[in-house]
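One structure is given here, and the rest of the page talks about it.
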Amino acid sequence: MENQDQNVSFFRFEDLRVYGKATDYASWLCTALREANNEMERALFGQFCRSALNIGIVIAEGSSRNKTQFQNHLKNAKTSIRECVAFTEIAHKVGAITVESRNRSRELLMELTRMIGALIISLQRPAITRPSYSENEMNDFQEDPLDNIETDF
């Protein structure tokens, strides 16, 4: 019986593919930006990494909220993605990253944007019909926004 629980994460957001992709992007980016040549690059890279790290952090934080709040957190994650797009272009224009790194960053960010958009749409779908509860039972019940979505996002 204990082996059945090994594939289920204690933290349900870890089962979301988009969360994994977000942490993969942040890891890739921070590795790609390791060597700053001057103070300006260090400042740029620090802000760039913070925005990249924020994508996964906001997804994780929002997953514990209700559907509306989770959707707002996902929109905030998209804001961090747009920041990363701007940082990608700036870093490329000042010669701090290569054309290949620029293209890879944009590719990963576009994938994250599509995944988050699909997750937001899935959260907007009507909930599965649930049994009726009394008012007292409803006060004890808080819907987990991850209950009604697939983890393919």
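A short reminder: the numbers here are calculations on the coordinates, not readings from a lab. Computed from a prediction, not measured in an experiment: that's the story for all the values here. Because the Cβ atoms are built from the backbone with ideal geometry, glycine has one as well, and the counts that use them run over all protein chains shown.
Binning all Cα-Cα separations of the range 11-125 at 10 Å, short to long from zero, yields these whole-percent fractions: 15, 47, 26, 11, 1. Cross-link partners among lysines for residue 93, C-alpha distance below 25 Å, same-chain residues fewer than 8 apart left out? Here the lysines satisfying the reach criterion relative to residue 93 are 78. From least to most packed, judged by other beta carbons within 10 angstrom and beginning with the fewest, 51, 64, 9 follow the order 9, 64, 51.
For 90, 59, 81, which order do you get if you count the other beta carbons within 10 Å of each Cβ and list the fewest first? Mind showing how you got there, number by number?
Values: 90 14, 59 28, 81 22.
Lowest to highest Cβ neighbour count: 90, 81, 59.
Between residue 97 and 92, the built amide H atoms are under 5 Å apart, and every one of these is 5 or more places off in sequence or on another chain.
Taking neighbour counts of Cβ atoms within 10 Å as a proxy for exposure, in what order, fewest first, do 19, 25 appear? Spell out each step's value before the answer.
Values: 19 25, 25 22.
Ranked by crowding around the Cβ, least crowded first: 25, 19.
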